[in-house]
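Here the structure is laid out as structure tokens; the discussion comes afterwards.
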Amino acid sequence: MKLNSIGLSAEKSGELSEDLNQLLANFQIYYQNLRGIHWNIKGKRFFELHPKFEELYNGANLNVDEIAERILTLGGVPQHTFKDYIENSKVPVGKNVTKDEDAIRLIVDSLKELLVIERRILDASDESGDEGTNSMMSDFITEQEKTVWMMKAWLAEEI
């Protein structure tokens, strides 16, 4: 088995890089959705939601950078064009979302898609002994599950 510079299977690292690129594409759409709802939110909850959406997009931006850097660490090349992101994303695109409940549902729906991808990467990274990717996915999952719970509580819906 050929090992890469960090002692992991070069083949498995290549596969994980592809999975991480899919996650990167989805995170970029999620990030842009958050920017859009931050800019466009209207209504009586504006002062509550506007800063919350900013907090979320700042966090998503940090995650995007971590994902891209992990792809590079594994020897891959991070996707970096909007065309790539759109072609490889399953996160719903939110356009002209101005209502509070629609915005929160977009976040929940987006995180649901991200969590599916992250759990798949978590399993694959565990199988290949890639603790760096595994730890990153575990952290993302923990954070996003909590966000989903909070958003569902805001909507007064069961998890």
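Values quoted throughout were computed directly from the atomic coordinates according to the rules given, and no laboratory measurement underlies them. Given the structure is predicted, the values throughout are model-derived calculations rather than measurements. When we count neighbours, we look across all protein chains shown, and the Cβ atoms used for this are built from the backbone with ideal geometry, even at glycine.
When the Kirkwood radius is taken over all Cα pairs of segment 15-154, what Stokes-Einstein diffusion coefficient follows at 20 °C and 1.002 mPa s, in µm²/s? Could you put the intermediate results ahead of the total?
Values: Rh = 15.3 Å.
The estimated diffusion coefficient comes to 140 µm²/s.
Once phi is turned into θ = phi - 60°, what whole-Hz ³J(HN,Hα) does the Karplus curve with 6.51, -1.76 and 1.60 give for every residue of segment 29-42, x standing for Gly and Pro?
Per residue, the Karplus-derived 3J(HN,Hα) values read 5, 4, 4, 5, 4, 4, 4, x, 6, 4, 6, 9, 4, 9 Hz.
Could you give the distance between the Cα centres of segment 127-153 and segment 45-94, to the whole Å?
Spelled out, the Cα-based centre of one part sits 15 Å from the other.
Filter LYS12/LYS95; LYS95/LYS146; LYS12/LYS52; LYS42/LYS83; LYS44/LYS83 down to the pairs with a C-alpha to C-alpha distance above 32 Å, please. Please report the intermediate quantities before stating the final value.
Numbers: LYS12/LYS95 37 Å; LYS95/LYS146 25 Å; LYS12/LYS52 38 Å; LYS42/LYS83 30 Å; LYS44/LYS83 36 Å.
Cα-Cα > 32 Å for LYS12/LYS95; LYS12/LYS52; LYS44/LYS83; rest within.
For labels at SER138 and LYS90 in the simple 7 Å Cα→Cβ model, what's the distance in nm?
Result: 2.4 nm between the two label points.
Can you tell me, using C-alpha contacts under 8 Å and at least 6 residues apart, the relative contact order of the chain as a whole percent?
Values: 185 pairs, mean separation 45.1, N = 159.
The normalised contact order for the chain reaches 28 percent.
Could you compute the net charge surrounding GLY43? Neighbours are other residues with a C-beta less than 9 Å from the C-beta of GLY43; K and R count +1, D and E count -1. Kindly include the intermediate steps, with their values, before the conclusion.
On the way: positive: LYS42, LYS44, ARG45, LYS99; negative: ASP100.
Residues close to GLY43 contribute a combined charge of +3.
Take the Cβ-Cβ distance between ALA10 and LYS44 as r, set R0 to 41 Å, and report the resulting FRET efficiency rounded to the nearest 0.05. Walk me through the intermediate numbers first.
Numbers: r = 55 Å, r/R0 = 1.34.
FRET efficiency, ALA10 to LYS44: 0.15.
Take the alpha carbon gyration tensor of segment 118-159, find the square roots of its eigenvalues, order them as a ≥ b ≥ c, and report rounded if a/c is under 1.5; if not, report prolate when a/b exceeds b/c, else oblate.
Numbers: a/c = 6.32, a/b = 3.20, b/c = 1.98.
Verdict is prolate for segment 118-159.
With r as the distance between the Cβ atoms of GLU131 and PHE82 and R0 = 35 Å, compute the FRET efficiency 1/(1 + (r/R0)^6) and round to 0.05.
Values: r = 32 Å, r/R0 = 0.92.
Computed FRET efficiency for PHE82 and GLU131: 0.60.
Could you give the angle, 0 to 90 degrees to the nearest 10, between helix 100-127's Cα long axis and the longest principal axis of the Cα atoms of the chain?
That helix lies at roughly 10 degrees to the long axis.
Using the Karplus curve 6.51 cos²θ - 1.76 cosθ + 1.60 with θ = phi - 60°, work out ³J(HN,Hα) for each residue of segment 144-159 in order, rounded to whole Hz, and write x for Gly and Pro.
Ordered by residue, 3J(HN,Hα) equals 6, 4, 5, 5, 4, 4, 5, 5, 5, 5, 4, 6, 6, 10, 6, 5 Hz.
Do the sum for the chain: with -39,500 (n - 2.57) for every DSSP H run of n ≥ 4, divided by all residues, what is the mean residue ellipticity at 222 nm, to the nearest 500 deg cm²/dmol?
Details: 5 runs with 117 residues, N = 159.
Estimated from H runs of four or more residues: -26000 deg cm²/dmol.
Can you list the HN-Hα couplings for segment 46-60, worked out from phi with the Karplus curve (6.51, -1.76, 1.60; θ = phi - 60°), rounded to whole Hz and with x for Gly and Pro?
Karplus-based 3J(HN,Hα) across segment 46-60 equals 3, 5, 7, 8, 3, x, 5, 5, 5, 4, 5, 6, 5, x, 5 Hz.
Is segment 86-138 rounded, prolate or oblate when judged by the Cα gyration tensor, a ≥ b ≥ c being the square roots of its eigenvalues, rounded requiring a/c under 1.5 and prolate requiring a/b larger than b/c?
Details: a/c = 4.12, a/b = 2.62, b/c = 1.57.
Prolate, because a/c is 1.5 or more and a/b exceeds b/c.
As a footprinting exposure proxy, order MET1, MET151 by other Cβ within 10 Å, with the fewest listed first.
Working: MET1 7, MET151 20.
Listed from fewest to most nearby Cβ atoms, that is MET1, MET151.
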